[in-house]
Amino acid sequence: MGNPTLEINVSLIRKSASAVRNLCLSAGINPTAVTKGYNALEAVTEALYDAGYRSFASSRLPHLKRVKDRLSAETMALRIPMPSEVGEVVEYADVSLNSELSTIRLLDREAMRRGKHHKVILMRDLGDLREGLFDEERFVETACAVERECGNVVLRGVGTNLSCYGSVVPTAENLSTLVRDAREIERQIGRPLDVVSGGASTSLYLVVNGEMPEGINNLRIGGANILRSEAREVSDDVLPELTNEALILKAEIIELGEKPTHPIGRLGMDAFMNVKKYADKGVRRRALLAAGAFDVGDYEKLTPIDSGVTLLGCSSDHMIADIEDSEREYRLGDTISMIVSYQAMLFATENDLVEKKILY
């Protein structure tokens, strides 16, 4: 096997993504599929396309280029554009999320230079304190300025982001504020907005519970299309198609043996400058795996499928697993399989040294 391997089951992803999309459509929400979390891998993007998605988003413009090169679909740039990249934004993104009027003016000039029209969604900060205009009056004024001043940029709608920085949970109350602001903008510009985007996968539970405010007609769904763990507060019986086993990381055992569970000697910092505490459980059987933080980031974001295996820690290139309680008799060269979280998916799909095995 050599390097760690990420097994990607596109059939499971297609089934899961189709269920999420259909749920959104039943509530009058046309979702956008976010490709960033899996590095826009072609097999996964095509599985989402087969599931019915025709709008794809990412904070990374090369991801959008990959979509445009292969699929007939709308592309959306999620990260507020850097002034230095407006040319690439207009080239590869049909739509971009924005908060700075000066950047929108740059996009307008660039779109005019290229003889194109570019759509923008103006972002409102509802308290998560990442991107977006925080002041309601300034938000409405900026939207009206885009409508009034720009000839090649079109105000497509408004949106918000929640949970990603400030961990603020999307609620009917805070998303109703976005809808109210959208209605005021529509009143002042004299036309309806195409899009009122109510966040990402963390907003999905409002759809399930019938609590999504009327007027929200878009969600930007990334993790929940692929990882059941990203559909937070959504019970298994509502979306039984969702699974955590569409992506499985496999790492090979390169050393086996019994060792103490507490390091011996004077303790300082580990490889990442962390001061750690260790539980002394005596001598136990352990496996050293050929994978580490270089491959997956935080090892605590992995869950061994074998419930008798516990991950103890990792350095850049090695992971240590306690296998004392496993019913399986592991041998040198065997692999240990792990369910990945969103962060581990980010790292593993981006890293060329993690082999990708597509399962159909």
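The values are calculated or read from the model by the stated rules, or taken from the named source; none is laboratory data. All figures in this text were calculated on a predicted structure; none of them were measured in a lab. Glycine gets a Cβ as well: all are built from the backbone with ideal geometry, and neighbour counts include every protein chain shown.
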Within the range 204-218, is there a residue that is among the acidic types (Asp, Glu) and within 21 Å of residue 129 (Cα to Cα)? no
Among the listed residues 282, 265, 223, which satisfies the condition of being out of contact with any Cys (no Cβ under 6 Å at 6 or more places or on another chain), of a type in the set (Gly, Ala, Ser) and either assigned by TED's automatic domain parsing to the domain that holds residue 163 or under 30 Å from residue 178 (Cα atoms) (or both)? 223
Give me the pairs: first residue in the range 227-253 and touching a residue at least 24 places away in the same chain (Cβ under 8 Å) and assigned to a loop (DSSP other than H, G, I, E, B), second residue of a type in the set (Phe, Trp, Tyr) and surrounded by 18 or more Cβ atoms within 10 Å (Cβ to Cβ), beta-carbon distance under 6 Å, and six or more apart or on different chains, which are they? 233/205; 234/205
Residue pairs within 9 Å by beta carbon, gap of at least six or interchain, first lying in the range 168-185 and within 15 Å of residue 133 (Cα to Cα) and in the same structural domain as residue 215 (by TED's automatic domain parsing), second β-branched (Val, Ile, Thr) and part of a helix (DSSP H, G or I), listed first then second, are 181/140; 185/140
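Table: residues versus (1) buried (at least 19 other Cβ atoms within 10 Å of the Cβ); (2) of a type in the set (Ser, Thr, Tyr).
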site	(1), (2)
63	yes, no
68	no, no
75	yes, yes
87	no, no
Across the range 230-254, the tally of residues that are under 15 Å from residue 209 (Cβ atoms) and surrounded by 18 or more Cβ atoms within 10 Å (Cβ to Cβ) stands at 3
Among what's in the range 215-226 and is over 13 Å from the mean Cα position of the chain (by Cα) and touching a residue at least 40 places away in the same chain (Cβ under 8 Å), pick the residue that is farthest from residue 19 (Cα to Cα). 216
Given the criterion assigned by TED's automatic domain parsing to the domain that holds residue 105, buried (at least 16 other Cβ atoms within 10 Å of the Cβ), under 25 Å from residue 223 (Cβ atoms) and of a type in the set (Val, Ile, Thr), identify the matching residue among 195, 140, 153, 146. 195
